[in-house]
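First the structure, in the form of structure tokens, and then the observations on it.
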Amino acid sequence: MTAPPAPLLAADAESAAVGRVRLVERLLGDPEDPGNDCGYRAVLASPGAGGETPAPLGRALRTAGLGGHFVPAALGGSLGRLDTLARTLRPVFRRDVSAGLELGAGPFRGALPVWCAGSADRRRRTADLLLDGGGIALRQGARSVREAFAPAGLRARRTAYGFELDGECAGLRAAPGTSALLLHATVGPGPGGGPTVLLADLAALPRDRLTVRPDGRVEFTACPLPAGSAVGEPGGGAELFLRTLQICGSVVASMSLGAADTCLRQAAARALVPRGRRREPSPKEASALLGGAFLDLLACDCLALVGTRAVGVVPDETSVLSAAVRCVVPVLLGDALRDLAALMGPQSLREDGPDPLFARHARTLGAVASPGAGSFIGRAAVLPQLPRLARQAWFNGPPAPDTLFDPAGDLPPFAPERVTLRAERDGLSALLGGPRDPFGRTGAEPGSPPAGLRALFRAELRSVQAHFAAVPEDHRGLPGDPRSLALADRYLLVLTAAACLGCYEAVRSRGGFWADPAWITGILRRLARRLDLPVDDASPAETGRVHDEVMRRFLTRRGFDLYETPLEG
């Protein structure tokens, strides 16, 4: 039988992705229906972040075969494109961030080290566990190697049986159905000593050797683990942690945009039905706040799309792209939430106020997307690479392939082991113009982003390049240099602009709003202002076009994302 041509295969993959998202939306039902056990009323009645996920929501997702979404296709699951996985979980985040973390981000993060470095036997057993509806619990909130392998945490010593585990793991939340624990321990001195990732089958652990505390702490006392519990080589846990962090960071950021969609939807409803408080935002103010937040969400979606697809398209550039996601998405989401809160009113962030759903989502989303440790690790990952990239890669290589930016494009089979911790190329820099400018001299063509805006970011990258190209080879003093840190942040914003340009070129053929340069020029203006670059104000026609799109999607129940996802309700 002759294989179908590649475009048909890609179309089939996209149809399957759309079907998965629609299935989850349909099973979770209309979130605004007061009688829906998976709706907003049920979420607001639950304890909140760190509390119990509404049981009906978990049952609905098990009906959808959620466990299979975290298992690679080669092992019997449906995990192939990471951007598809993120889209599939957005409906959960749209209803409740805590549920999204527990039922979506948590199992994916727990299984990812096994897909990256586990033995064939461990991969098979982990796949069976997830396909059977089991879960993997892991420590919540560890965003750095130091936090994950804390000196006061877990210690493991080698035995004839395998390992013996002592110590305490804080923040280990075991949801109902948990079958295994992902642990980060320090193996004692000797060959293979050092940070090590362990996966422990919960049923095989002797109950008299571990104590589960109500606050989520788990204490181990001379607890035996078989030798096969080690994921990857003993002592290689730090590198494995960083590799999985740069993969899951982009995926979880993309998932969380479902909650941002709810916040924007609440604000759009608020703009349509004023409450008659002493000072309502004027129509012009409301239009600017809604449109600006929408553009920030689109910019986040573009960057997160590039970060997730990079694992399959340019795995050797993922370390830099994932750093951009972890550093920039929290900033853009924070700005969007502040704009929306200004529109909603002074009491909007109080859960006992008039907008409890907005307050709940804004608070929990703010905690997930906090710039804190995640951004610090992102900068720490990218900063040592910038002198080399400045000398060798920027404006000196082929542009990133089109498939990196296409929301509907197919990808190679999921292969996280190909991801590297060091980038040798930067295909996004070519999108800003230069000798290999893939857009050509098209700045004056209808529907093209203005050449002047692209030139601003190109000049900014040249300025960053001049600084880092002059950094000595030994990089001494680089981590503590305030100017280098500031320029690293500017570089990541430039990467964001390039990611958005690439996505614009990929989707403009859809026509309609996507072919209108209003959204890409609006995004580029907002990014340029964050860099204090000189830009003109948007025209009334451009601002009106973006605002009209916000209201069109609100009224037709479409997502505020690159996919215009149809929503229940």
Of all the residues that make up the range 525-546, how many are surrounded by 13 or more Cβ atoms within 10 Å (Cβ to Cβ), in a helix (DSSP H, G or I) and either within 26 Å of the chain's Cα centre (by Cα) or without any contact (Cβ under 8 Å) to a residue 12 or more places away in the chain (or both)? 6
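Listed here are the residues, each with its yes/no results for (1) over 30 Å from ALA13 (Cβ atoms); (2) hydroxyl-bearing (Ser, Thr, Tyr); (3) surrounded by fewer than 22 Cβ atoms within 10 Å (Cβ to Cβ); (4) at pLDDT 90 or above.
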{"residue": "LEU431", "(1), (2), (3), (4)": "no, no, no, no"}
{"residue": "PRO438", "(1), (2), (3), (4)": "no, no, yes, no"}
{"residue": "PRO450", "(1), (2), (3), (4)": "yes, no, yes, no"}
{"residue": "ASP474", "(1), (2), (3), (4)": "yes, no, yes, no"}
{"residue": "GLY477", "(1), (2), (3), (4)": "yes, no, yes, no"}
{"residue": "LEU501", "(1), (2), (3), (4)": "no, no, no, yes"}
{"residue": "GLU505", "(1), (2), (3), (4)": "no, no, yes, yes"}
{"residue": "TRP514", "(1), (2), (3), (4)": "no, no, yes, yes"}
{"residue": "ILE523", "(1), (2), (3), (4)": "no, no, no, yes"}
Matching residues in the range 352-370 (of a type outside the set (Gly, Ala, Ser) and free of Cβ contacts under 8 Å to residues at least 40 places away in the same chain) number 1
One residue from GLU564, GLU473, GLU549 being without any contact (Cβ under 8 Å) to a residue 60 or more places away in the chain and touching a helix residue (DSSP H, G or I) at 6+ places or on another chain (Cβ under 8 Å): GLU564
For the range 192-214, give me the residue count where each residue is over 14 Å from PHE163 (Cα atoms) and without any contact (Cβ under 8 Å) to a residue 24 or more places away in the chain. 6
Just for strands (runs of 3 or more DSSP E) wholly inside the range 166-280: which have at least 2 residues that are among the charged types (D, E, K, R) and either at pLDDT 90 or above or under 30 Å from THR308 (Cα atoms) (or both)? none
Counting only helices (runs of 4 or more DSSP H) entirely within the range 56-158, those with at least 2 residues that are surrounded by fewer than 18 Cβ atoms within 10 Å (Cβ to Cβ) and not charged (D, E, K, R) are 120-131
Does the range 291-298 include one or more residues that are in a helix (DSSP H, G or I), modelled with pLDDT under 90 and more than 16 Å from the chain's Cα centre (by Cα)? no
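The values are calculated or read from the model by the stated rules, or taken from the named source; none is laboratory data. Computed from a prediction, not measured in an experiment: that's the story for all the values here. Heads up, the Cβs are rebuilt from the backbone with ideal geometry, glycines too, and the neighbour counts pull from every protein chain shown.
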